Amino acid sequence: MITTSGLTKVYRSRGREVTALDGVDLHVREGEVYGVIGQSGAGKSSLIRCVNLLERPTAGTVSVDGHDLTALAGRGPRAGRELRRARSRIGMVFQHFNLLSSRTVQDNVELPLEILGTSGKERSRKALELLDLVGLSDKAKAYPAQLSGGQKQRVGIARALAGDPKVLLSDEATSALDPETTRSILQLLRDLNRQLGLTVLLITHEMDVVKSICDSAALMENGRIVESGTVSELLATPGSELAAALFPVGGDASGDDRTVIDVTFQGDAATRPVISQLSRTYNIDISILGAAMDTVAGRQVGRMRIELPGVYEENVVPIGFLREQGLQIDVVGERELVKDGAK
Ligand SMILES: Nc1ncnc2c1ncn2[C@@H]1O[C@H](COP(=O)(O)OP(=O)(O)O)[C@@H](O)[C@H]1O
Ligand SMILES: [Mg+2]
């Protein structure tokens, strides 16, 4: 639904150049909620502004719902009209809501429809329908200053839906909200995604946002996507930073001659007694150093950090046994060992 390829953005100001996007290849499938997470300055906002051409990419292409937006940008009045039409099908939600304070809630939602040239009666019908959808039908005549942060963001979402978009872009939509309001706004985005089949691309610096509503996620650093995939794929990827952050488990080895591994359970593996089988089959004592169960992207996932007696070489067979059971196994510190061995 959204594809960027080689997307690059270089800002030039006062002789200085900042490469905010450095060849980003992103692929968001129709109907999914896709989260891009990264620290401040990673290039997340630049990415989302380039996706709807609010910002003109320096290089690369953006296509949304089969339209190559980059090909339309800056190619004369006819292409300009097409670009505007394509953009009206992309809704955008902002961190600071960007509502007009002099307009009522309803008039804020009607604004994009005015720009599209929709008739007054139709605008009003549509705005009220959307306010109902976001749970604000009683606030149509209120002004933004009379609303809470969560209500303002609901207005922002209703306005973003005015052009019947297929895609909703959200730049830190919940970052200015308290945790409870954040949950309710995320739930609303999830409901809209399900009810309307809306594809959602959201940008966040909060792992909890990814954890609670994203089907897929990408990690951005220094203008690049360094990891991406569906949440289940990420959880099944050895050494994935995103997986570790989505699902942290702690615990240190109790001695040098021990092997520490993280075991990730997904789906039906979560309910099988694999640890006791392991212990019985190989007659070894297993200590649990840390464990957590959680729902990630609507699936039950468990992760356990366990310690086996003996160094890694002595545990190759039991670890193989766990992998044969379809479990994701990360040997803690193994990568460092491999690196040392390569020296
Ligand atoms: N309009 C701009 N002009 C110059 N530099 C910018 C502009 N917008 C963003 N940047 C720079 O680009 C980099 C990425 O910024 P941004 O996309 O806002 O990241 P994020 O949203 O992840 O915090 C930062 O170094 C930022 O200072
Ligand atoms: Mg930003």
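The values are calculated or read from the model by the stated rules, or taken from the named source; none is laboratory data. Remember, it's a predicted structure, so these values are computed and weren't measured experimentally. When we count neighbours, we look across all protein chains shown, and the Cβ atoms used for this are built from the backbone with ideal geometry, even at glycine. Ligands, DNA and RNA are excluded from the accessible area calculation, which covers all protein heavy atoms including side chains. Shrake-Rupley method; radii C 1.70, N 1.55, O 1.52, S 1.80 Å.
For the stretch 189-209, enumerate the residues that are within 14 Å of ligand 1 (Cβ to nearest atom) and either part of a strand (DSSP E or B) or without any contact (Cβ under 8 Å) to a residue 60 or more places away in the chain (or both).
Leu201, Leu202, Ile203, Thr204
Quick check on Thr70: is it more than 16 Å from ligand 1 (Cβ to nearest atom), assigned to a strand (DSSP E or B), within 24 Å of Ala160 (Cα to Cα) and open to solvent by 10 Å² or more (accessible area, probe 1.4 Å)?
In short, no.
Determine the pairs where a residue that is touching a residue at least 12 places away in the same chain (Cβ under 8 Å), located within the stretch 271-293, has a partner that is among the small types (Gly, Ala, Ser) and in a helix (DSSP H, G or I) with Cβ atoms under 6 Å apart, the partner being 6 or more residues away or on another chain.
If the second residue must be among the small types (Gly, Ala, Ser) and in a helix (DSSP H, G or I), the pairs left are Ile286/Ser279.
Name the strands (runs of 3 or more DSSP E) wholly inside the stretch 220-300 in which the number of residues that are in contact with a strand residue (DSSP E or B) (Cβ under 7 Å, 6 or more places away or on another chain), modelled with pLDDT of 80 or more and open to solvent by less than 20 Å² (accessible area, probe 1.4 Å) is 2 or more.
Strands (runs of 3 or more DSSP E) meeting the threshold: 258-266.
Within the stretch 100-133, can you find the residues that are in a loop (DSSP other than H, G, I, E, B) and either open to solvent by 50 Å² or more (accessible area, probe 1.4 Å) or modelled with pLDDT of 95 or more (or both)?
Leu100, Ser101, Ser102, Arg103, Thr104, Gly117, Ser119, listed by residue number.
Filtering the stretch 43-63 down to residues that are within 14 Å of ligand 2 (Cβ to nearest atom) and of a type in the set (Ser, Thr, Tyr), which residue is surrounded by the most Cβ atoms within 10 Å (Cβ to Cβ)?
Ser46
Going through the stretch 301-326 one residue at a time, which ones are open to solvent by 30 Å² or more (accessible area, probe 1.4 Å), closer than 30 Å to Tyr34 by Cβ and outside any helix (DSSP H, G or I)?
Passing the criteria: Met304, Arg305, Gly326.
Report yes if some residue within the stretch 83-92 is among the β-branched types (Val, Ile, Thr), without any contact (Cβ under 8 Å) to a residue 40 or more places away in the chain and in contact with a Pro (Cβ under 7 Å, 6 or more places away or on another chain); otherwise report no.
no
Could you say which residue among Asp256, Asp252 is touching a Leu at 6+ places or on another chain (Cβ under 8 Å) and more than 16 Å from ligand 2 (Cβ to nearest atom)?
Result of the check over Asp256, Asp252: Asp252.
I'd like to know if the stretch 17-24 contains one or more residues that are loosely packed, with under 15 Cβ neighbours inside 10 Å and within 22 Å of the chain's Cα centre (by Cα).
Scanning the stretch 17-24 turns up no residue that is loosely packed, with under 15 Cβ neighbours inside 10 Å and within 22 Å of the chain's Cα centre (by Cα).
Of everything in the stretch 25-42 that's over 14 Å from the mean Cα position of the chain (by Cα) and either without any contact (Cβ under 8 Å) to a residue 24 or more places away in the chain or part of a loop (DSSP other than H, G, I, E, B) (or both), which residue is farthest from ligand 2 (Cβ to nearest atom)?
Here the residue is Glu30.
Residue pairs, Cβ under 7 Å, 6 or more apart or interchain, first in the stretch 155-179 and among the polar types (S, T, N, Q), second assigned to a loop (DSSP other than H, G, I, E, B). List them.
Ser175/Gln95
Being under 33 Å from the mean Cα position of the chain (by Cα) and under 16 Å from Ile319 (Cα atoms) is the filter here; which residues of the stretch 247-265 pass it?
Once the filter is applied, which keeps residues that are under 33 Å from the mean Cα position of the chain (by Cα) and under 16 Å from Ile319 (Cα atoms), the stretch 247-265 yields Val260, Ile261, Asp262, Val263, Thr264, Phe265.
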